[in-house]
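Below: the structure, in structure tokens.
Just so it is clear, none of the values below were taken in a lab; they were calculated from the coordinates. Fair warning: this is a prediction, and the values are worked out from it, not measured in the lab. Quick reminder, even Gly has a Cβ in these numbers, built from the backbone with ideal geometry, and neighbours come from all protein chains shown.
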Amino acid sequence: MAPPPYTACIKEPPPVTSQTIAVVLYDDVLLLDVAGPIEVFSVANRYLPVAHHYQVRTYAPGGRPVRSSCGLVLQADAALPQVPEAAALLLVPGGPGAYARQQPELATWLAAHARQARRWGAVCTGAFLLGAAGLLDGHRCTTHWNYQARLASEYPATRVEPDQIYVADGALLTTGGVTAGIDMALAVVAQDHGKETALEVAKVLMVVMRRQGGQAPYAPLLAAVLRDDSAIARVQAYVVDHIDQAFSVARLAEMATMSARNFARAFAREVGITPMEYVQNARIDHARKLLESTDLPLKQVACRAGFGSARHMRLVFAERMGLTPSQYRLQFSYT
């Protein structure tokens, strides 16, 4: 059954004036970053009195059409100077055009005008355009897990939160990858019109109001192992290839023909985490592959990944991933 234009069962929200959601477009923007949040606000209007409707508008440099990264051409409603100063939200979607292209005109405009909006933010890699405009300096933010290290490196004055689906820091809103723009838009609707309205929108879109596990379940904990002749690389490769074995710092140091203290220091300096953190991350990644691709009982998954018991694996998963192994399998299994 289609939702009614007004929902009597939902408690009337506090008065909110008609408001503009200003979405910035540019060449090589990711289409889903644009469409996902827009659909949230569009569906929300079905549940709101007309006076409270969101007015979604798109803006591009020069008001010209832009070609999205998938090839579809988008016609902006207007040029950037026409963005209302008091927009409820100024939103910058992500895409290759945000992190792989120079957008000086857009960055300059954002630096001068974004803070005039009540809230401003980015979906996914749109954070790079905010960074270029100086809008991330001194703020907490996030972006897609695959680009977090690069964002932190290019804009060191910001603090990148690695495991968040979206981050609200004052008026600044940023999200993880792609569909996280929907999560952020639902949070905006909840803030403006109450959680009940946001939940109704989530039901229509068949998404959850709050995902479990943040970004951690989507990102590998370890990068691919460099299989060279260095002592540290040899140890890393051995751990990954023999993950069902028991390891200690002393045993790993022996493989590297180093003292335990020197090995631990060298490993942390070169890899960025301690040897035992590396072992645990390797166990989690191996278990995740088994949970995704097999129907093995959890006890066998735990044994093959070196956890020793399903109980220990469950504790580690819950702490590190925000999901139990069973929940992870339910969400990501392709068998």
Under the 0.36 nm per residue contour assumption, what length would be gained going from the current alpha-carbon distance of MET206 and ASN45 to full extension?
56.3 nm
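Have a look at the DSSP beta bridges in region 19-215 and tell me what percent are antiparallel, nearest 5.
25
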Take peptides 94-102, 106-114 and line them up by average Cβ neighbours within 10 Å, highest first, as a rough protection proxy.
94-102, 106-114
Quick calc: nm separation of the 7 Å Cα→Cβ label points for ARG101 and ALA171 -> 2.7
Taking every DSSP beta bridge with both residues inside the chain, roughly what % is antiparallel (nearest 5)?
25
Tell me the Kirkwood radius of region 183-335: reciprocal of the mean inverse pair distance over distinct alpha-carbon atoms, in Å.
17.6
Under 5 Å, built H, 5+ apart or other chain: amide partners of THR58
VAL23, ASP77, ALA78
Of the listed peptides 180-189, 282-291, what is their order by residue-averaged count of other C-beta atoms within 10 Å, with the highest listed first?
180-189, 282-291
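Expressed in nm², what is the orientationally averaged projection area of the convex hull enclosing the Cα positions of the chain?
Taking a quarter of the hull surface, the average projection is 20.1 nm².
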For the chain, with a Gaussian network of springs between Cα atoms less than 10 Å apart, report the residue from THR257, THR174, THR324 with the top mean-square fluctuation.
THR257
Take LEU199 and ALA79, extend 7 Å from each Cα along the Cα→Cβ direction, and tell me the distance between the two endpoints in nm.
4.7
Return the sequence-ordered ³J(HN,Hα) values of region 40-45 in whole Hz as given by the Karplus equation 6.51 cos²θ - 1.76 cosθ + 1.60 applied to θ = phi - 60°, using x for Gly and Pro.
4, 5, 5, 5, 4, 4
Rounded to whole angstrom, the alpha-carbon centroid of region 116-186 lies from that of region 251-315 at a distance of 31
Here region 70-80 yields Karplus 3J(HN,Hα) values (6.51, -1.76, 1.60; θ = phi - 60°; whole Hz; Gly and Pro given as x) of 8, x, 6, 8, 10, 9, 5, 6, 6, 7, 3
Under the rule of -39500 (n - 2.57) per DSSP H run of 4 or more residues, summed and divided by the residues of the chain, what mean residue ellipticity at 222 nm is obtained, to the nearest 500 deg cm²/dmol?
-12500 deg cm²/dmol
On a full-extension model of 0.36 nm per residue, what is the gain between HIS242 and ALA111, subtracting their alpha-carbon distance, rounded to one decimal in nm?
42.0 nm
If I build a Gaussian network model for the chain, linking alpha-carbon pairs within less than 10 angstrom, which residue out of ASP137, ASP163, ASP33 has the largest mean-square fluctuation?
ASP137
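Using only alpha carbon pairs under 8 Å that are at least six residues apart, calculate the relative contact order of the chain and give it in whole percent.
Values: 600 pairs, mean separation 40.8, N = 335.
That works out to 12 percent.
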